[in-house]
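Structure incoming, see below.
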Amino acid sequence: MTTPHKATMSFSDGTPSVDFPVYKGTIGPDVVDIRKLYGASGKFTFDPGFLSTAACESKITYIDGDVGELLYRGYPIEQIAVNCDYLESCYLLLNGDLPNPSQKKDFEHRVTMHTMVHEQMSRFFQGFRRDAHPMAILVGCVGALSAFYHDSLDIQNPEHRFISAIRLVAKMPTLVAMAYKYSAGQPFMYPKNDLSYSANFMRMMFGTPCEEYKPNEVLVRALDRILILHADHEQNASTSTVRLAGSSGANPFACIAAGIATLWGPAHGGANEACLQMLDGIQARGGVAKIGEFVAQVKDKNSSVKLMGFGHRVYKNYDPRAKLMRETCYEVLAELGLENDPSFALAMALEKIALEDDYFVQRKLYPNVDFYSGIVQKALGIPTSMFTCIFALARTVGWIAQWNEMISEPDQKIGRPRQLFSGPVRRDVKPIGNR
Ligand code: ACO
């Protein structure tokens with residue numbers, strides 16, 4: 001919505017000043033529409049890292065980092081986490097509102113009917129070394145899905161887009177579990193469609209053909225919550241990658257593979273793994289008694305040590321997902337009789353000290369979701385190398401909802417950032433003998 005205000009950019013080099021419209025979102029900061037800047041002034045804006053740039057308009061997820069609020073389609077994450085399951089959250093993100101009972105049943109049925117992957121996919125796995133990182137396998141296999149579903153790759157057809165979304169949400173747990181089973185040298189488990197989405201995934205991860213797998217309800221709920229909390233998070237690096245890849249008209253499976261590749265980086269999806277390694281490191285040096293020493297190291301400007309699981313580019317308050325994850329952490333550890341688990345006791349002590357320490361208070365560094373999610377996943381029996389795959393599984397619905405939103409825009413354009421060029425000016429190639 002345009003506001004009555006305008007922004008004026010003036011220049012000290014004689015270029016005439018330019019007026020821009022200012023838009024108001026339903027919530028969040030106003031934005032200045034600078035699309036006409038180049039045409040009017042011959043100048044670009046410069047914003048590496050997108051610190052002040054809204055790259056798109058979206059109706060899906062909203063974060064208020066100052067107060068620590070996360071909304072999916074307007075609903076607070078705290079309410080979704082206690083009232084909805086993951087598939088309801090998927091429906092919400094994809095369709096704009098929560099399902100009623102019959103819509104929920106229909107959606108669950110559609111997802112369930114697509115959980116198997118083509119039998120030929122299993123041969124792809126054999127091409128990887130046993131010690132391949134599961135994220136390497138996932139990037140390859142998700143991209144390869146585009147080779148199997150030619151019947152639904154017309155991205156201009158909303159029905160095709162919907163089928164692709166369902167296929168991706170349905171097949172990700174199967175592929176992630178296959179990546180794990182392959183690394184463990186165990187047989188792949190086919191999906192079992194009378195189980196819930198999360199129970200089915202746990203069975204494919206931890207079951208074997210030798211005996212019946214009985215999902216534990218508390219642990220299934222914990223996994224479901226991990227998936228809900230990671231389902232979408234606005235225009236982060238992987239989501240922006242999916243949008244950029246999709247803006248060229250690439251198929252949804254290829255776009256999601258690009259998102260998975262971006263998520264793999266330690267500054268994005270790899271932080272919970274790093275947090276667990278940090279806790280293990282402190283534990284090895286003496287545990288709670290060594291926290292003071294560790295915190296001093298974190299605060300030392302000459303050391304590069306960071307308190308992993310603390311701080312966030314957007315949240316300058318408690319990450320609301322971290323509170324929910326902490327609750328789940330308590331439930332899981334109690335269920336498994338691990339209340340005295342050293343990693344959790346250490347995490348609690350570390351959190352308390354950091355929250356009271358001036359260094360963290362002044363910089364508004366609060367725990368983020370990764371601070372607890374690694375501990376929960378470890379307790380569930382998920383190996384550290386699989387943490388980012390679980391994140392990718394959860395985030396697939398957010399990526400595909402954002403991709404679909406972008407493709408549905410009537411005036412959608414290919415994403416094509418410009419640059420501030422600081423390389424050599426035009427010069428001539430000398431014959432090789434003269435160089
Ligand atoms: N430990 C110690 N100091 C920190 C931390 C931390 N975890 N995070 C930020 N700081 C300090 C910085 O050194 C800087 O201090 P200075 O002002 O004295 O120079 C100040 O706080 C501001 O930090 P920035 O790096 O500018 O914050 P930015 O918003 O760019 O970084 C980030 C955010 C990358 C998440 C950072 O906080 C970090 O590295 N945290 C640890 C890794 C982590 O937990 N990542 C998970 C992110 S959540 C997710 O992806 C799901």
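State to the nearest 20 debye the size of the charge dipole of segment 1-150 about its Cα centre, where the only charges are +1 on K and R beta carbons and -1 on D and E beta carbons.
Dipole about the Cα centre, nearest 20: 520 debye.
May I ask you to derive the relative contact order of segment 237-334, considering only C-alpha pairs under 8 Å and at least 6 residues apart, and to give it as an integer percent?
On the way: 49 pairs, mean separation 18.0, N = 98.
With pairs under 8 Å counted, the relative contact order is 18 percent.
Please compute the volume of the convex hull spanned by the alpha-carbon atoms of segment 1-133 and report it per residue in Å³.
248
Output the peptides 202-210, 295-303, 219-227 sorted from most to least packed, where packing is the average of other Cβ atoms within 10 Å over each peptide's residues. Before the final figure, lay out the partial values.
Numbers: 202-210: 18.0, 295-303: 12.1, 219-227: 23.7.
Going from most to least packed, we get 219-227, 202-210, 295-303.
How large are Rg and Dmax for segment 335-435 when calculated on the C-alpha trace, in angstrom?
Every Cα atom of segment 335-435 included, Rg and Dmax give 25.0, 76 Å.
May I pose another question? Which of the residue pairs LYS290/LYS364; LYS306/LYS352; LYS290/LYS352; LYS24/LYS59; LYS306/LYS364 have a Cα-Cα distance greater than 20 Å in the structure shown?
Long pairs (Cα-Cα over 20 Å): LYS290/LYS364.
By how many nm would the segment from PHE148 to GLN79 grow when fully extended, if each residue of separation counts as 0.36 nm and the alpha-carbon distance is taken off?
Gain on stretching PHE148 to GLN79: 21.0 nm.
Follow-up question, since we're still on this one. Nearest 20 debye, what's the magnitude of the dipole of segment 108-173 about its Cα centre given +1 on Lys and Arg Cβ and -1 on Asp and Glu Cβ?
Using Cβ point charges on Lys, Arg, Asp and Glu, segment 108-173 gives about 240 debye.
Same structure again: Go through segment 192-235 and name the GluC sites (Glu not before Pro) that are in a DSSP coil and have 13 or fewer other Cβ atoms within 10 Å of their Cβ.
Hits after loop and neighbour filter: GLU212.
Measure out, as a whole number of angstrom, how far apart the alpha-carbon centroids of segment 155-201 and segment 369-411 sit.
Answer, in whole Å: 14.
Loop only by DSSP, 14 or fewer other Cβ within 10 Å of the Cβ. Give me the chymotrypsin sites (Phe, Trp or Tyr not before Pro) in segment 1-82 that pass, ordered by residue number.
PHE11, PHE44, PHE46
Please tell me the relative contact order of the chain in percent, rounded to the nearest whole number, where contacts are Cα pairs under 8 Å and at least six residues apart.
Reported as a whole number, the value is 20 percent.
Which aspartates and glutamates have a Cα less than 15 Å from the Cα of LYS323, not counting those fewer than 8 places away in the same chain?
Correct list for LYS323: GLU69, GLU78, GLU331, GLU351, ASP370.
Dividing the alpha-carbon radius of gyration of the chain by 2.2 N^0.38 Å (N being the number of residues), what value is obtained?
1.08
Averaging sequence separations of C-alpha pairs under 8 Å and six or more residues apart, then dividing by the length of segment 12-74, give the relative contact order as a whole percent.
19
Between rounded, prolate and oblate, where does segment 286-333 land on the alpha carbon gyration tensor, with a ≥ b ≥ c its root eigenvalues, rounded for a/c under 1.5, else prolate if a/b exceeds b/c?
oblate
OK, next. Along the Cα→Cβ direction, 7 angstrom out, place labels at GLU331 and LEU37. What is the inter-label distance in nm?
Using points 7 Å along Cα→Cβ, the separation is 4.6 nm.
Same structure again: Name the lysines eligible as straight-distance cross-link partners of LYS181: C-alpha to C-alpha under 25 Å, and not fewer than 8 places from it in the same chain.
LYS171, LYS192, LYS214, LYS378
Also: Taking a quarter of the surface of the Cα convex hull of segment 64-220, what do you get in nm²?
11.6
Please list the radius of gyration and Dmax for segment 109-171, considering alpha-carbon atoms only, with Å as the unit.
Every Cα atom of segment 109-171 included, Rg and Dmax give 13.1, 40 Å.
Okay, moving on. In debye to the nearest 20, how big a dipole does the chain give about its Cα centre with +1 on each Lys and Arg Cβ and -1 on each Asp and Glu Cβ? List each step's numbers first, then the result.
On the way: 45 positive and 46 negative charges, 328 e Å.
It comes to approximately 1580 debye.
Read-outs: derived from the displayed coordinates by stated rules, not from any lab. It should be emphasised that the depicted structure is a prediction, and the values quoted were computed from it without experimental measurement. For neighbour counting, all protein chains shown are included, and Cβ atoms are generated from backbone atoms with ideal geometry for every residue, glycine included.
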